[in-house]
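Written out below as structure tokens is the structure these notes cover.
The values are calculated or read from the model by the stated rules, or taken from the named source; none is laboratory data. Predicted, not measured: the structure shown is a model, and the values here were computed from it. Glycine gets a Cβ as well: all are built from the backbone with ideal geometry, and neighbour counts include every protein chain shown.
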Amino acid sequence: MIELLVVIAIIAILIALLLPAVQQAREAARRSTCKNNLKQLGLALHNYHSTFQMLPPAYVRDPNVGDDEGHWTWSAFIAPHIELTSVYNAFQVGNTPASYAFGNNIQAMQQTYPVFRCPSDTGPATHKEAGYTIDYFVSGSRTSNVGVSVTNYVVSNNNAYHRATRATNYLDGTTGGTGAFWGNSNCRFRDVTDGLSNTILAGERAYQIPGNPMYAGMLFAVRDNLGLGPTCTNCSGNTAANQGLLSITGTTHFGINPISSTDQANGGYSSRHVGGAQFLMGDGAVRFISENIDTNITNGGVVDSTLERLSSISDGAILGEY
């Protein structure tokens, strides 16, 4: 009997010793898959640029489409370059309003597309819990149980608050988006004078991190008015138009993995990987950037942190170590 108890105790100790190693190995595999996803998205963005001599817009703001309707986003435009041509054709991207496509392609809108999901993120597959349902993009109501698909990757918009227009001063994010993506953007690689290897194109956005209920990004389309109200006055210049930028683009204003409940922090970068998040650079490389990187949370003005400089395509500033 004593021998049996000793054996059981030894087995328990071995399990306790091995379990962390197994968990670390699994997370390493998930992180590798996430990195590969970003590489595929980077290749798709480069292929899009080769075809159209510019990067896709963050989203297309059509004056004929109201704030309560959907607009096509960067992820829809690169769909043919990531083996999602059938989805692209079904939506008739660019030829029909996104609200029409949502209403007629519900099945495609709520699917999970692995290339857009980080396997470390255990959040839901759709935004149903957040209230962003299919009918919300079609009629403005929230009665449907069909949520819009989630993506864990957003493109770079600014080093300050989100902005729907292009910056006039790349050292100052209050003049517009300093990143490569904004409303109706048409950024070309030659515009990235800081160098593609020194510029963030996209990064991770978790559905939720401890202490902060985020909602990740929205896939294929987004509406301007997300119902965030007056508390989001600084989202991108007003309380309704352009709020959709928060769900498809990121800002480095609040750092990485910010513990904050503000709408702007929810529009930043985050991940379920320990210690930071992965980012796609302009040259196609994917880098893991620590959440402890030099960050200066200021309300505009001169950019003086490494993370902020990485999110500007043409500030001419010298990068610090990261």
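I'm trying to understand the selection: among the residues of region 41-66, which are touching a Phe, Trp or Tyr at 6+ places or on another chain (Cβ under 7 Å) and in a helix (DSSP H, G or I)? Spell out the reasoning first.
Within region 41-66, the first condition is being touching a Phe, Trp or Tyr at 6+ places or on another chain (Cβ under 7 Å), and the residues that meet it are 41, 48-49, 55-60.
Correct list: 41, 48, 49.
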Fill in: Whichever residue in region 143-187 is in contact with an Asp or Glu (Cβ under 7 Å, 6 or more places away or on another chain) and at pLDDT below 85 and, among such residues, is surrounded by the fewest Cβ atoms within 10 Å (Cβ to Cβ)
143
Fill in: Contacts under 7 angstrom Cβ, first residue in region 181-198 being closer than 28 Å to residue 63 by Cα and of a type in the set (Lys, Arg), partner at pLDDT 95 or above and exposed (fewer than 13 other Cβ atoms within 10 Å of the Cβ), 6 or more apart
188/53
Worksheet entry | Total residues in region 175-203, condition closer than 24 Å to residue 216 by Cα and not in a loop (DSSP other than H, G, I, E, B) | 6
Fill in: Positions within region 112-125 being within 20 Å of residue 36 (Cα to Cα) and assigned to a loop (DSSP other than H, G, I, E, B), in sequence order
112, 113, 117, 118, 119, 120, 121, 122, 123, 125
